[in-house]
Amino acid sequence: MSVCPCNPDLSYEQCCAPFHQGEQQPESAEKLMRARYSAYVKGEVDFILNTTHPVKRETVDPDSIRSWSEESEWLGLEIEGTEDGGPDDTQGTVTFKAHYRIEDVERSHHERSIFTKIDGAWYYEDGSSAQVRREGDKVGRNDPCPCGSGKKHKKCCGAA
């Protein structure tokens with residue numbers, strides 16, 4: 001048994017394989033997100049297409065999906081958060097990072113995905129680049145450096 005790409009604590013057969021093989025439906029937006037990540041790792045292009053919202057399918061290029069899937073060495077999935085998307089919801093969002101390597105360069109795909117449930121099945125509707133939110137106020141170039149050195153930020157920690 002192989003380890004599931006979306007969760008190293010489970011086997012692929014216990015986790016995502018039943019979704020990819022059409023034996024089960026993911027019961028939450030997060031489960032679908034995890035199964036879609038695993039589908040990229042395993043080259044399950046049909047699963048990715050079939051779990052894309054029906055209205056959005058025409059905009060999806062199967063060859064691009066296949067190419068990205070095959071050319072990448074998939075390094076891991078990090079779920080940063082979910083909003084709604086449970087068994088009793090009809091909409092949900094999942095923010096995640098998918099780590100991968102192409103041509104010896106490590107990269108991350110950071111996205112906030114929107115999922116919609118139609119007739120009891122979850123579908124990927126849309127995604128946008130996840131925004132990094134700053135904790136606290138922005139430090140200006142001429143402000144005192146927050147490290148406490150007494151220097152201006154641009155002459156201390158903000159120096160390029």
Answer from Glu103, Glu71, Glu83, Glu78 - the residue that is among the acidic types (Asp, Glu) and within 30 Å of Gly158 (Cβ to Cβ): Glu78
Subset of segment 129-154 (residues that are outside any loop (DSSP other than H, G, I, E, B) and either modelled with pLDDT of 80 or more or surrounded by 15 or more Cβ atoms within 10 Å (Cβ to Cβ) (or both)): Pro144, Lys152, His153, Lys154
Count of residues meeting criterion [without any contact (Cβ under 8 Å) to a residue 24 or more places away in the chain, touching a Lys or Arg at 6+ places or on another chain (Cβ under 6 Å) and not in a strand (DSSP E or B)] in segment 66-100: 0
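One line per residue, one yes/no per condition, for (1) at pLDDT 95 or above; (2) open to solvent by 50 Å² or more (accessible area, probe 1.4 Å):
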| residue | (1), (2) |
| --- | --- |
| Glu27 | yes, yes |
| Ala39 | yes, no |
| Ile48 | yes, no |
| Asp61 | no, yes |
Conditions (1) modelled with pLDDT of 95 or more; (2) of a type in the set (Lys, Arg); (3) open to solvent by 30 Å² or more (accessible area, probe 1.4 Å); number of the one not met by Arg57: (1)
Inter-residue pairs, beta-carbon under 6 Å, first open to solvent by 50 Å² or more (accessible area, probe 1.4 Å) and in segment 101-121, second not in a strand (DSSP E or B), 6+ apart: Arg112/Ala130
Residue that is open to solvent by less than 70 Å² (accessible area, probe 1.4 Å), at pLDDT 95 or above and touching a Lys or Arg at 6+ places or on another chain (Cβ under 6 Å), where the choices are Cys15, Cys6: Cys6
Residues (out of contact with any helix residue (DSSP H, G or I) (no Cβ under 6 Å at 6 or more places or on another chain), small (Gly, Ala, Ser) and assigned to a helix (DSSP H, G or I)) located in segment 10-65: Ala17, Ala29, Ser38, Ser64
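The values are calculated or read from the model by the stated rules, or taken from the named source; none is laboratory data. In this text the structure is predicted, and so the values were computed from the model without any measurement. Positions of Cβ are backbone-derived with ideal geometry, glycine not excepted, and every protein chain shown enters the neighbour counts. Please note that ligands, DNA and RNA were not included when accessible areas were found on the heavy atoms of the full protein model with its side chains. Shrake-Rupley method; radii C 1.70, N 1.55, O 1.52, S 1.80 Å.
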